[in-house]
Amino acid sequence: MEGWRRVEIAACEELGDLLGAGKGPSAAELEAIRSSTFTVEAVNERERATDHDVAAFVDVLAESAGEAGRWIHFGLTSSDVLDTALALQLRAAGEVILAGAYSLVAALHARAREHARTLCVGRTHGVHAEPTTFGLKLAGFAFEAHRNALRLERAFAQAAVGTVSGAVGTYAATSPEFEARVLARLGLEREQVSTQVVARDRHAELVGAIALAGAGLERLATEIRHLQRTEVREVQEPFRAGQKGSSAMPHKRNPIKSEQISGLARVLRANAQAALENVALWHERDISHSSVERVILPDSTILLDYLQHAATTLVEGMTVDEQRMRENLELTHGALFSQRVLLALVETGMSREQAYGIVQELSQRAWDEGISLRELLAQDERVRDLGLDLAAIFDYEHYVRHAPELIGRLDKVLARLDEIA
């Protein structure tokens, strides 16, 4: 309602130019309009009679301004007030959310730098694939978080548009120039053709960007949840003194924050669907979108802000067990090096098909029998006389040598963060 009041006052302040010299509110009347007040209780009480929220608000505001109140809402329609005030609210919410979005990027970047060379296993389909570094994992999440921050920035900007075009958007009671001046006072762009309301594809784009940011947070949370499983135990969420993981089992430390992020991201996606449904309105306008937006816009913006802060706290405080990561690398007894062995055999002149068969056979034996692949290669008559440099093939350094360079690509992102700060 304070946003509505700002729009009404800005419109009154421009009525002199709209109506011409000597017309419109006097200086004293403008002062009375600027001093006009309302209470939510008074508006609610008035709405019981009007059954129209904006009309009730205008009545209360106009009454508080005395005789000058006759100028309040002059030439406007409800959507001029509602949609323009909504743009003000979304712009303010965007400032908070974008700050949180970039804080998450910074937190991910810091931990990625910290663990640039921390070896861990890379998994595909949930199965050990090849070694990677935990820093590279986090760098991928950092870049995704940055893309989501940029998407949110664009989405909030394109939604920060207002309209003061009157009934069905024809400016019959005002003018485009009047609208431009009012919106300039409020620091907003205008909808080029409003049809009385700002087109809801703008809001759908914003809620879609919010949902996509939530999906990125869920991807991060899902990774942490998997890494905290007892069988993996490479990463654990922060666990403060006095915290309890279970009412029945004192030993439990559960990834509750990650699970919460995963669950609430579903709400953001559901809200995005509702925002898409809001795009199609009857003719120049109806209000089928209005009741929906009163739920999904505050819920989505508040929820994303909360989830971003939760994720940032999670990233900053998570415990990384580097020793456990090294132990897990050995679970396949060197089978992780199968591609390195395959390529080395091909380089000796062996056909890829033959090399693949040998490596697949020996890798499976290493995994099944608990004998190192390196040892099996040294003993195998098909391989042992080929002069393979097994020490070089089974050197983890091969997998981490590019990690600092790749993580360094985040530097441009940091530069952007410094500009914003």
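Data for the structure
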read-out	value
Boolean, V193 is assigned by TED's automatic domain parsing to the domain that holds I210 and surrounded by fewer than 18 Cβ atoms within 10 Å (Cβ to Cβ)	yes
Wholly within region 1-84, helices (runs of 4 or more DSSP H) carrying at least 3 residues that are more than 30 Å from R200 (Cβ to Cβ)	15-19, 27-34, 40-50
Qualifying position, being surrounded by fewer than 20 Cβ atoms within 10 Å (Cβ to Cβ), under 26 Å from H109 (Cβ atoms) and outside the structural domain of L386 (by TED's automatic domain parsing), among V320, V292, V315	V320
Number of positions in region 385-404 that are more than 30 Å from G135 (Cβ to Cβ) and either at pLDDT below 90 or loosely packed, with under 11 Cβ neighbours inside 10 Å (or both)	2
Number of the condition not met by D305 [criteria: (1) closer than 30 Å to F156 by Cβ; (2) out of contact with any helix residue (DSSP H, G or I) (no Cβ under 9 Å at 6 or more places or on another chain)]	(2)
Filter pass, A56 being touching a Ser or Thr at 6+ places or on another chain (Cβ under 6 Å) and either within 15 Å of V81 (Cα to Cα) or among the hydrophobic types (A, V, I, L, M, F, W, C) (or both)	yes
From the options G349, G387, G357, residue that is without any contact (Cβ under 8 Å) to a residue 12 or more places away in the chain, assigned to a loop (DSSP other than H, G, I, E, B) and outside the structural domain of E153 (by TED's automatic domain parsing)	G349
F38 vs. criteria touching a Cys at 6+ places or on another chain (Cβ under 9 Å), surrounded by fewer than 23 Cβ atoms within 10 Å (Cβ to Cβ) and farther than 23 Å from D305 by Cβ	no
Out of A65, A85, A49, A55, sole residue that is surrounded by 17 or more Cβ atoms within 10 Å (Cβ to Cβ), farther than 30 Å from A209 by Cβ and out of contact with any strand residue (DSSP E or B) (no Cβ under 6 Å at 6 or more places or on another chain)	A65
Qualifying position, being without any contact (Cβ under 8 Å) to a residue 40 or more places away in the chain and more than 20 Å from the chain's Cα centre (by Cα), among T124, T174, T163, T132	T124
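The values are calculated or read from the model by the stated rules, or taken from the named source; none is laboratory data. Predicted, not measured: the structure shown is a model, and the values here were computed from it. We place every Cβ from the backbone using ideal geometry, glycine too, and count neighbours over all the protein chains shown.
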